[in-house]
1. With the radius of gyration and the Kirkwood radius both derived from the Cα set of region 70-161, what is their ratio Rg to Rh?
2. Connecting C-alpha atoms closer than 10 Å in a GNM of the chain, tell me which of 154, 110, 62 has the biggest fluctuation.
3. Take residue 8 and residue 27, extend 7 Å from each Cα along the Cα→Cβ direction, and tell me the distance between the two endpoints in nm.
4. Show that you can apply the helix-only estimate: for the chain, add -39,500 (n - 2.57) for every DSSP H stretch of four or more residues, divide by all residues, and state [θ] at 222 nm to the nearest 500.
5. Applying a 10 Å radius around every beta-carbon, put 50-60, 96-106 in order of their mean neighbour count, most first.
6. With N set to the number of residues, divide the alpha-carbon radius of gyration of region 4-54 by 2.2 N^0.38 Å and report two decimals.
7. Take the Cα atoms of the chain, find their three principal axes, and give me the spread along each one in whole Å, biggest first.
8. Taking the Cβ-Cβ separation of residue 117 and residue 39 as r and a Förster radius of 45 Å, what is the calculated FRET efficiency to the nearest 0.05?
């Protein structure tokens, strides 16, 4: 497996992973019609917009041995009271979960932040996403605040996990 910074050409594949991951991960957590209305084209516009409008945004892709993008993670700088980097997203195709790809992507994001002299990081997770919560807890993330988000007609609670020192996330 290879992890590298995403190119502009990768964004259409990032968008596919994003939509497909939402449809498998969040089925039952947000309304089906919301998931069914997600489109690759809209997602592609969203990720281009992310790269053009956020504070120091970046995306890394995970590529399997066959050259297929199987996951990605994105980050951006933030100026929050407790944290200066945000793991903005982490998405994997269903068949790539549980293989260590997510852990490697999080490590890559942490290394990217460290290279920019950012040593703390947070991530938002849907509270009903028990596998996501467990994943970040196993990585040493500490729960610190909550918010609500709306998807279609569903309001969900989100939990922020944070790392005051991201060095613990950097693996070789």
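Every read-out reported here was derived from the displayed coordinates using simple, explicitly stated rules and does not represent laboratory data. Quantities reported herein were computed from a predicted structural model and do not represent experimental measurements. So basically every Cβ, Gly included, is an ideal-geometry build from the backbone, and we count neighbours across all protein chains shown.
1. On the way: Rg = 13.3 Å, Rh = 13.9 Å.
Here Rg/Rh amounts to 0.96.
2. Per the Cα network of the chain with a 10 Å cutoff, 154 tops the list.
3. For the pair residue 8/residue 27, the computed spacing is 3.6 nm.
4. Numbers: 5 runs with 58 residues, N = 172.
Mean residue ellipticity at 222 nm (helix-derived): -10500 deg cm²/dmol.
5. Numbers: 50-60: 15.5, 96-106: 18.0.
Highest mean packing first, the order is 96-106, 50-60.
6. Details: Rg = 11.9 Å, N = 51, 2.2 N^0.38 = 9.8 Å.
Cα-based Rg divided by the globular estimate yields 1.21.
7. 40, 37, 32
8. On the way: r = 38 Å, r/R0 = 0.84.
Approximately 0.75, to the nearest 0.05.
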